[in-house]
Number of protein chains: 2
Amino acid sequence: MRYGHFDTAADEYVVERPDVPVSWTNYLGTKNLCTVLSHNAGGYSYYKSSQYGRISRFRQNGVPLDRPGHYVYLRDDADGDYWSVSWQPVGKPLAADGDADPADGTARYTTRHGLGYSTFESRYKGIDAQQTIFIPLDDDVEVWDVRLTNTTDEVRELTVAGYVEFSFHTITIDNQNLQMSLYASGSSYEDGIIEYDFYYEPWTFHWFGSSETPSSYDSLRDNFIGAYRDESNPIAVERGEGTDRSATTQNHCGALQHKITLQPGETKRLVYMLGYGSRDAAGREMQAKYADVATVDAERARLRAYWTAKQDTLRIRTPHEGMNTMINTWTLLQAETCVVWSRFASFVEVGGRAGLGYRDTAQDVMSVIHTNPTKTRQRIVELLRAQTQAGYGLHLFDPKSFDPDAEKLPDVPSPTIVPTPSLDDLIHGLEDTCSDDHLWLVPSVVEYVKETGRLDFLDEVIPFAEGEPATVYEHLTRALDFSTQQVGENGVALGLRADWNDCLNLGAARRRS
Amino acid sequence: MRYGHFDTAADEYVVERPDVPVSWTNYLGTKNLCTVLSHNAGGYSYYKSSQYGRISRFRQNGVPLDRPGHYVYLRDDADGDYWSVSWQPVGKPLAADGDADPADGTARYTTRHGLGYSTFESRYKGIDAQQTIFIPLDDDVEVWDVRLTNTTDEVRELTVAGYVEFSFHTITIDNQNLQMSLYASGSSYEDGIIEYDFYYEPWTFHWFGSSETPSSYDSLRDNFIGAYRDESNPIAVERGEGTDRSATTQNHCGALQHKITLQPGETKRLVYMLGYGSRDAAGREMQAKYADVATVDAERARLRAYWTAKQDTLRIRTPHEGMNTMINTWTLLQAETCVVWSRFASFVEVGGRAGLGYRDTAQDVMSVIHTNPTKTRQRIVELLRAQTQAGYGLHLFDPKSFDPDAEKLPDVPSPTIVPTPSLDDLIHGLEDTCSDDHLWLVPSVVEYVKETGRLDFLDEVIPFAEGEPATVYEHLTRALDFSTQQVGENGVALGLRADWNDCLNLGAARRRS
């Protein structure tokens, strides 16, 4: 079965059949805001931390897969029939292969995963629709650039609804413990902007806006979806009208509906925006900025240039086109994603563990030194700060815990009593040490120095996890010395807690007595 | 809107309209196995711990609400039309009020929540169906007693499918971190029994069986449901046939299908069973036992007698029938549930916190001393063991941590490194202490002694959390003394971390200097 192809000229992967049995995901965002997005527009966004900064909700491992998402619904006001620009969640029957102009209630869908954006396209009942989602380089906002074209000879009246479900910010509170979250959340609507907040994190707000004045809105999820319905058939989409109600308590969403008239052959654009920050601090300014489609186009071009510059740092040309495509585009995107966002934000790990894996991070940085020396350096410094005096690394750690400049959040009493771990609790002993984690520091630092020429980095002084300062060179020496000591009776390295990967843990050599 | 009524004679709450906008839940189980079940058969089961012993999966706070559940699907093999015995998940259109014999594709549904059981009833296309779910007093098995009656004049061929989705046992692994769980789970089928296991907890197995040899089965969730479908329209139900495949890796389920022929007027019974333990250790024996409907009836009668005996301990008769019903049945059930299962298993808290809340537990026990003195005593002892030498209680604690007789699980290396907290980590300091938690010990113990006459309980020696032994009387003295010391400048008790409830935490008096 063929589901898609690489469009190498456009640096896109094109999903031609959206009924792929597994999720094909893309990562958007380069700075503070990240979105993990499936080929059906399912997925979630977060601000900085996938554990503590969750913006939109995701029901991991659910059925149907990848719900909810960042959806645009279209409703034909002539007959009330509705669909979504991405195949899911409404899921109209798919047109036969090669049927460019589907009829009889079938539709065509295409998804393009690109560098920093994804584009969803549908053709249904003579309406061509497109939704491109991207995060501009320097603003904490996710932009949905929607284009609608009437390919028929008749005037068409549509209701367009942008929809996203908000999260309770912290993944454990969102997933497991609703005793306070359902009471502590709230939303409001003003100037076309839905603002969402969570009273136990009074420094956190999210907003949802658009480029045109909405005809109606919903900010309560259950008002938009309706009882015993789901994202496939929201009552507010069926009705073509939101309830125009917001409230404190309950589950919240951003849902804005717009009435659009399209003349024969006409194309219109509409922009939805999902942003971090309050309406006053960010929403109004960002909404005004991205309501201008010229700005949207300019920011997309800037984002393209950002990625092209990275690609231009190293381009291979081999006789194998697949090899070129892989190295020049896709492994670059993968590796940059791992280094910028860590491996703890996906559809498999949905933020259950904050921070960085020692081995993962040390390995990942080696592949993007040429395209992202700044982030590489930051990650190496974080790894060195999480190395113990004894030489081993902390297998899983939150870099903020060892960062003297980490942002301190306001102290607000939580209704749930969760004792804060001390620094001692964060520094594990030998029983939780992997035999290889710290060793990856050596090639990582060596590669960084070789690629950047920054020999002086080896003399830089960075504290160990316990606080003792040491040069980077001393850090590497301690790593190697530690492994020299961890040798068994037969002279072979001990397996310790695990070796090379976390599952190589079923036995360990006996320590040399 | 009227959704149901109390049937006081039967000690049941009867839901007449299943489209209630919120979940009406019941709790089944008295010993090791507990099921939290909605009026639409949505919910989950666990063995002993809602955090670590999860058997069936629940997608908390999802849309539609209460998915998945413990479902029985019915398929009319004459035309392929299918429905569920509970209204959800298939959700046929509801018959008009008072329409006893629905037609035109509508159906009637009734749910009865009783003491330790729930019964779901449907009438659709001339088939009367009933599913009663209960957990027998002494076996770790959940029994689904299904009765099907053909009320028409024609022979009817049906396919019946029992379905439950298995969990990855530990709630954080089930909800957040699938990096190992999807690879470490497995299922097999033999002698009509699906066995499910999870290789990183090799002491844990669950099984799903039935009273008749199945015509087909599925033990992989995604084979049963099908891609881009959900519990409303599983592909295996639509087809009337499972794939007969099991495997290691992926998400697992128990799904057994049976072909049933019903003569005009005929009633047949079919029993599904969801159990704890392996096929060899428990499944075969339990399946044989509960395949006999006489045993099912006898165990239901025993369960009824168990609750009647509790009710008979205290029956009030007042002129207000609602008051009688509330005290004699429903507050008894509620209070017993809280004491036996704690408040950390519900649709609001789905096992995100193990153990007991100090204040909750101390309050709850006071209401069931007359019906459950054994469990009351156990809980009081657990509270005393989690009291610190200083007199205050540990706000949230796992009683196993302080129980010298707690079952020790085999030591199996986990692929995810989670340091085990030391006892010191479990004993929080004054900064996490609530001003009232420990005070509730006093009325709890006093009420226990007054109700049972066990004055000697006050002389029993029980260690504080740190290990120091003391009499129960000494424990109470320390609690009171602690509060005497926690007084502010003005002589009023300090609020400490929180007072009376966890949200009274927005300020505290200044300590007397």
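So which residues in region B:466-500 are touching a Leu at 6+ places or on another chain (Cβ under 7 Å), away from chain A (no Cβ under 14 Å) and either of a type outside the set (V, I, T) or within 22 Å of B:D360 (Cα to Cα) (or both), if there are any at all? Within region B:466-500, B:V472, B:Y473, B:H475, B:L476, B:A479, B:S483, B:Q486, B:G488 qualify. Total residues in region B:14-40 satisfying the condition of being in a strand (DSSP E or B) and crowded, with 22+ Cβ neighbours inside 10 Å: the figure is 10. The residue list B:I133, B:I171 contains one member that is under 20 Å from B:T35 (Cα atoms) and touching a His at 6+ places or on another chain (Cβ under 8 Å), which is B:I133. Tallying residues that are crowded, with 18+ Cβ neighbours inside 10 Å and either modelled with pLDDT under 95 or part of a loop (DSSP other than H, G, I, E, B) (or both) within region B:460-491 yields 3. Here region A:51-84 is the region considered, the condition is being in contact with a Gly (Cβ under 8 Å, 6 or more places away or on another chain) and of a type in the set (D, E), and the residue that is farthest from the other protein chains (Cβ to nearest Cβ) is A:D77. If you go through region A:238-252 and keep only what is closer than 29 Å to A:K48 by Cα, assigned to a loop (DSSP other than H, G, I, E, B) and more than 23 Å from the chain's Cα centre (by Cα), you end up with A:S246, A:A247, A:T249, A:Q250. Among the residues of region B:22-60, those identified as in contact with a helix residue (DSSP H, G or I) (Cβ under 8 Å, 6 or more places away or on another chain) and more than 27 Å from B:L178 (Cβ to Cβ) are B:Y27, B:G29, B:T30.
Looking at region B:164-237, the strands (runs of 3 or more DSSP E) lying wholly inside it that each contain 3 or more residues that are more than 18 Å from B:D280 (Cβ to Cβ) and either in contact with a Lys or Arg (Cβ under 6 Å, 6 or more places away or on another chain) or away from every other protein chain (no Cβ under 13 Å) (or both) sit at B:216-220.
From the list B:E165, B:E195, B:E190, B:E212, the lone residue that is in contact with a strand residue (DSSP E or B) (Cβ under 9 Å, 6 or more places away or on another chain), touching a residue at least 40 places away in the same chain (Cβ under 8 Å), surrounded by fewer than 20 Cβ atoms within 10 Å (Cβ to Cβ) and at negative phi is B:E212. Hey, could you check region A:230-245 for residues that are more than 27 Å from A:T149 (Cα to Cα) and touching a residue at least 40 places away in the same chain (Cβ under 8 Å) and say which is surrounded by the fewest Cβ atoms within 10 Å (Cβ to Cβ)? The qualifying residue surrounded by the fewest Cβ atoms within 10 Å (Cβ to Cβ) is A:D244. No other residue among A:E157, A:E142 is under 26 Å from A:Q88 (Cβ atoms) and surrounded by 24 or more Cβ atoms within 10 Å (Cβ to Cβ) apart from A:E142. The helices (runs of 4 or more DSSP H) located wholly in region A:313-395 that include 1 or more residues which are under 28 Å from A:F58 (Cα atoms) and within 13 Å of chain B (Cβ to nearest Cβ) occupy A:358-365.
Does at least one position in region A:136-148 carry a residue that is within 14 Å of chain B (Cβ to nearest Cβ), touching a residue at least 12 places away in the same chain (Cβ under 8 Å) and either in contact with a Ser or Thr (Cβ under 8 Å, 6 or more places away or on another chain) or farther than 30 Å from A:E285 by Cα (or both)? Within region A:136-148, not a single residue is within 14 Å of chain B (Cβ to nearest Cβ), touching a residue at least 12 places away in the same chain (Cβ under 8 Å) and either in contact with a Ser or Thr (Cβ under 8 Å, 6 or more places away or on another chain) or farther than 30 Å from A:E285 by Cα (or both). So in region B:246-303, with the set limited to residues that are within 14 Å of chain A (Cβ to nearest Cβ) and crowded, with 20+ Cβ neighbours inside 10 Å, which one is farthest from B:E157 (Cα to Cα)? The qualifying residue farthest from B:E157 (Cα to Cα) is B:N251. Out of everything in region A:1-13 that is of a type in the set (G, A, S) and part of a loop (DSSP other than H, G, I, E, B), what residue ends up being farthest from A:I55 (Cα to Cα)? Top of the filtered list is A:A9. Can you pull out every residue in region B:147-163 that is farther than 24 Å from B:G277 by Cβ and in a strand (DSSP E or B)? Once the filter is applied, which keeps residues that are farther than 24 Å from B:G277 by Cβ and in a strand (DSSP E or B), region B:147-163 yields B:R147, B:L148, B:T149, B:N150, B:R156, B:E157, B:L158, B:T159, B:V160.
The values are calculated or read from the model by the stated rules, or taken from the named source; none is laboratory data. Note that the coordinates shown come from a computational prediction; the quantities given were computed from them, not determined experimentally. Note that each Cβ is placed from the backbone with ideal geometry, even for glycine, and that neighbours are counted across all protein chains shown.
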